[in-house]
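Participant: Before I ask anything, here is the structure I am working with.
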Amino acid sequence: MTPLGVVVAFFGGVLSFTGLALGSVLFMPPILRLVGRMFGSSATARLAAENALRYPERSSRMAIGVVMGVTLVTMFAVALESAKRLMMSQVTGDVPEEFFAPMDAFAAIMMVLVAVSAVIAAVGLVNLLTIGVVQRRRELGLLRSIGLSNRQVRRMVLLEATHITVAATLTGLVLGVVYGWIAAQSLLGSVPTLPDFVPAGLVAPQIPWLPVAIIVAATAVLTLVAAAAPTRLATRVAPVEALAAD
């Protein structure tokens, strides 16, 4: 890739992710609505889905940090595997595994660095979810006073966290696959190689399933961590006390 191409790619990536962050309030609510249908039609599931959609700006802020982290990790993994596939399509015979060792090491370092930023985003999710529970203290007290049990309230808060993290993870995986494939294709797809100086052309995105499984498992842990403090907080105050609060 030429120096001009590197500059264009860098600023294009910056503008693209900035657009995602600023436009999250436009595309995240429909995704949240679609994911909400996956949790069934029970009272707690419907309440959790409605709470996630009642304040779209807050829900979008909760989700977008996780979306960015998952997108970046998936992007590096898909770009690496797609680049390997492009290189292997341009050579005949077997390619020794150590040939890709520098690429694997670089990608691993970048994914670890991005994973740290994803953890920071997860902390923001926990804080925003806790603030949301505090702001709905009277509402939760009212729900408990009309018959909702502590278990149902805790389940509702857990479903809210699950709702947001599942929507964010699915969005991040899709964006990561697209960005990673475009990156690998742009870098190597049109590069002429020996012996015929023929470009590799288009190849299908190569999805590494192990990193995807790790991302899904990390999301499950994030959901439990994010919901731990809010669920305790939601049932700690007596209904009468919550309803009497200003």
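The values are calculated or read from the model by the stated rules, or taken from the named source; none is laboratory data. From a predicted model like this one, the values you see are computed outputs, not experimental measurements. No Cβ is skipped: glycine too gets one built from the backbone with ideal geometry, and neighbour counts run over all protein chains shown.
Participant: Restricting attention to the range 45-72, report how many residues are surrounded by fewer than 22 Cβ atoms within 10 Å (Cβ to Cβ) and either of a type in the set (Ser, Thr, Tyr) or part of a loop (DSSP other than H, G, I, E, B) (or both).
Facilitator: 1
Participant: Please work out which residue is modelled with the highest pLDDT, limiting yourself to the range 178-214 and to residues that are closer than 17 Å to residue 75 by Cα and aromatic (Phe, Trp, Tyr).
Facilitator: The qualifying residue modelled with the highest pLDDT is 179.
Participant: Of (1) at pLDDT below 85; (2) of a type outside the set (Gly, Ala, Ser); (3) out of contact with any Pro (no Cβ under 9 Å at 6 or more places or on another chain), residue 56 satisfies all except one. Which?
Facilitator: So residue 56 meets the others, but not (3).
Participant: Residues to consider are 16, 41; find the one that is hydroxyl-bearing (Ser, Thr, Tyr) and either surrounded by 18 or more Cβ atoms within 10 Å (Cβ to Cβ) or in a helix (DSSP H, G or I) (or both).
Facilitator: Step by step, each of 16, 41 is checked, and only 16 is hydroxyl-bearing (Ser, Thr, Tyr) and either surrounded by 18 or more Cβ atoms within 10 Å (Cβ to Cβ) or in a helix (DSSP H, G or I) (or both).
Participant: Further question: Working carefully through the options 4, 26, 34, find the one that is loosely packed, with under 13 Cβ neighbours inside 10 Å, modelled with pLDDT of 80 or more and more than 27 Å from residue 214 (Cβ to Cβ).
Facilitator: 26
Participant: For the range 138-181, enumerate the residues that are among the aliphatic types (A, V, I, L, M), under 21 Å from residue 211 (Cβ atoms) and buried (at least 20 other Cβ atoms within 10 Å of the Cβ).
Facilitator: Within the range 138-181, 166, 167, 168, 173, 175, 177 qualify.
Participant: Note down all Cβ pairs under 9 Å where the first residue falls in the range 32-49 and is of a type in the set (D, E, K, R), the second is exposed (fewer than 13 other Cβ atoms within 10 Å of the Cβ), and they're at least six residues apart or on different chains.
Facilitator: These pairs meet every condition: 46/40.
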